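Throughout, read-outs are computed from the coordinates displayed, never taken from laboratory work. Predicted model, so just to flag it, every value in this text is computed and none were measured. Every residue, glycine as well, gets a Cβ built from its backbone with ideal geometry; the counts of neighbours run over all protein chains shown.
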Amino acid sequence: MENKTHIETLAVQAGYEPKNGEPRVLPICQSTTFRYTSCEELAKLFDLDESGYFYTRLGNPTIDALERKFAALEGGIGAIAFSSGQAASTALIFNLCNAGDHILSASTIYGGTYNLFAHTVKKLGVEVTFVDPKASADEIRSKVRPNTKFIFGETLSNPSVKVLDFEKFANVAREFNIPFAVDNTFPTPALCRPFDFGANLVIHSLSKYADGHASAMGGIIVDKGDFNYDNPKFPDFCTPDESYHGMVYAKKFGKFAFLVKARTHIMRDTGAILSPQNAFLINMNLETLPLRMERHSSNALKLAEFLENHPKVSWVEYPGLKSSPEKPYADKYLKACSGVLTFGPKGGAHEAEKFMNSLKLAAQVIHVADSRTSVLHPASTTHRQLSEEAQRETGILPELIRVSVGIEHIDDIIVDFKQALEK
Ligand SMILES: *Cc1c(COP(=O)(O)O)cnc(C)c1O
């Protein structure tokens, strides 16, 4: 079913196919461990000569079903789920990099990923260079080093809503024979499939639109399976793993080498496993993903157009707007532009706060990307530790309001924004 079926069908049906008499709905396998009757059987599982469940940290039927569904949605060969998006990003780094290695990343990325790259892994000896995603291919190329282990970017950046020019980054990655990894959290596979545009790995925070109801946290890495890790640049894949009695991942598992190592080595050692309960919730909520993303996108476009024409608004950023410089990239890479926009009311930070405090339907929350419309004022919350100058450098203007447009009726959302702007 996986390859040619439409995404709406995969979102409902992929990953779990019950046999006669089995539950119609994916069961929650709330068990840490699994029973066997012979040492030989368990030994084969430990040697990875056979696949099967033995401990939930390394595999669980409910989590497995979610991984299979998500791999089908993105068009990958497989996936591995984590306790959060941050855990997935951390595993991506651990699976590809050692101390002394280097990562090249677009500079417009989620704040949590930025901190992980710029500060945390730096202390472990992995250096990250940030490049303006609008830089020329030559400039991006000039920042690749012999020890660069992957190139990274976000399809639609959080919170600046810029569209990544996949082709430019993918070409550089291909030229240097290094993997290109993309965070596809905001568009989701319903609106963009980065594998179609040259990405080798896709990561997600499942806590956002995938769950979509602000009910469960999770993360995932999906592998397209087209990067050959049997390559001296990646010795961990093509020389014996001493922590796994000398196994050579690229030899034994071929195109599955990345995913097997991520599970048997990185997940084994770091333990950032998704809970079966959260896998159940996310899997269920994914059934409506394509429907929800259509509504998030059409509501966001209408709200962006309303704001653009309102006399009390000085600017609006939404890649779906005809006036947006991002529009050509959105047209090229995205089916629609998802549900997040930013805008600035005239009058600066004070007016922004007054506007936000006047909203009735839209709530102030830190989270984005769920069914309810919400707003955030980064300058006074998520970015308040930074000076105004440093905020401007990261694209956060004092009056900037980030809106996560929900799936309520658009007329009700607009009525709320209108009354708050007029206050
Ligand atoms: C939220 C987010 C993350 C981090 O995910 P968590 O599930 O919160 O750990 C990573 N990337 C993007 C684009 C995000 O929006």
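Relative to the longest principal axis of the Cα atoms of the chain, the long axis of helix 349-358 makes an angle of roughly 80 degrees. A straight Cα-to-Cα reach below 13 Å connects Lys418 with the aspartates and glutamates Glu305, Glu308, residues fewer than 8 places away in its own chain not being considered.
Among Ala272, Ala99, Ala181, whose mean-square fluctuation peaks in a Gaussian network model of the chain (Cα, cutoff 10 Å)? The residue that fluctuates most here is Ala99.
For the range 289-422, the relative contact order is 28 percent, taking Cα pairs closer than 8 Å that sit 6 or more residues apart in sequence and dividing their mean separation by the residue count.
Counted residue by residue at 0.36 nm each, then reduced by the alpha carbon distance between them, the extension gain from Cys39 to Glu353 reaches 106.6 nm. Computed extension length for Thr394-His367: 7.8 nm, one decimal, from 0.36 nm per residue of separation with the Cα-Cα distance subtracted. With point charges of +1 on the Cβ of Lys and Arg and -1 on the Cβ of Asp and Glu, referenced to the Cα centre of the chain, which listed residue (Leu26, Val202, Val415) lies farthest in the positive direction of the dipole? Among Leu26, Val202, Val415, the one farthest towards the positive end of the dipole of the chain is Val415. As an equivalent ellipsoid, the range 1-160 spans semi-axes of 37, 22, 14 angstrom, where each value is the square root of five times an eigenvalue of the C-alpha gyration tensor, largest first.
Among Gly219, His102, Asn115, whose Cα projects farthest towards the positive end of the dipole of the chain, with charges put on the beta-carbon of Lys, Arg (+1) and Asp, Glu (-1)? Highest projection toward the positive end goes to Asn115. Here the 3J(HN,Hα) profile of the range 29-38, calculated from phi with Karplus coefficients 6.51, -1.76 and 1.60 at θ = phi - 60°, is 8, 8, 9, 6, 9, 9, 8, 9, 10, 9 Hz, Gly and Pro shown as x.
Taking Cα centre as origin and charging only the Cβ of basic (Lys, Arg, +1) and acidic (Asp, Glu, -1) residues, the dipole magnitude of the range 1-75 rounds to 280 debye.
For the range 7-285, what class follows from the C-alpha gyration tensor (a ≥ b ≥ c being the square roots of its eigenvalues): rounded when a/c is under 1.5, otherwise prolate if a/b is larger than b/c, else oblate? Judged from the Cα gyration tensor, the range 7-285 comes out oblate (a/c at least 1.5, b/c at or above a/b).
Only helical runs count toward this figure. For the chain, summing -39,500 (n - 2.57) over DSSP H runs of n ≥ 4 and dividing by all residues gives -9500 deg cm²/dmol at 222 nm. Residue separation of Leu291 and Glu22 scaled by 0.36 nm, minus their Cα-Cα distance, works out to 94.1 nm of gained length. Seen from all directions on average, the range 135-216 presents a Cα convex hull projection of 5.8 nm².
What does the C-alpha gyration tensor say about the overall shape of the range 68-204? Classify as rounded when a/c is under 1.5, otherwise prolate if a/b is larger than b/c, or oblate. Rounded.
Placing a pseudo-label 7 Å from each Cα along the Cα-to-Cβ vector at Asn115 and Ser215 gives an inter-label distance of 2.8 nm. Each peptide in 236-243, 84-91 was scored by the mean count of other Cβ atoms within 10 Å over its residues; highest first, the order is 84-91, 236-243. Spin-label pair His409-Ala99: with each label point 7 Å from Cα along the Cα-Cβ axis, the two points sit 6.2 nm from one another.
With R₀ set to 25 Å, the beta-carbon distance separating Val248 from Lys123 gives a calculated FRET efficiency near 0.25. Quick one: which of Lys134/Lys354; Lys149/Lys335; Lys19/Lys69; Lys69/Lys233; Lys69/Lys122; Lys332/Lys360 span more than 27 angstrom between C-alpha atoms? Too far apart for the 27 Å limit: Lys134/Lys354; Lys149/Lys335; Lys69/Lys233; Lys69/Lys122; Lys332/Lys360. Note on the chain: with a GNM built from Cα contacts shorter than 10 Å, the maximum mean-square fluctuation among Glu154, Glu50, Glu305 falls on Glu50.
Between Asn147 and Val12, the modelled labels are 5.2 nm apart [label points 7 Å from Cα along Cα→Cβ].
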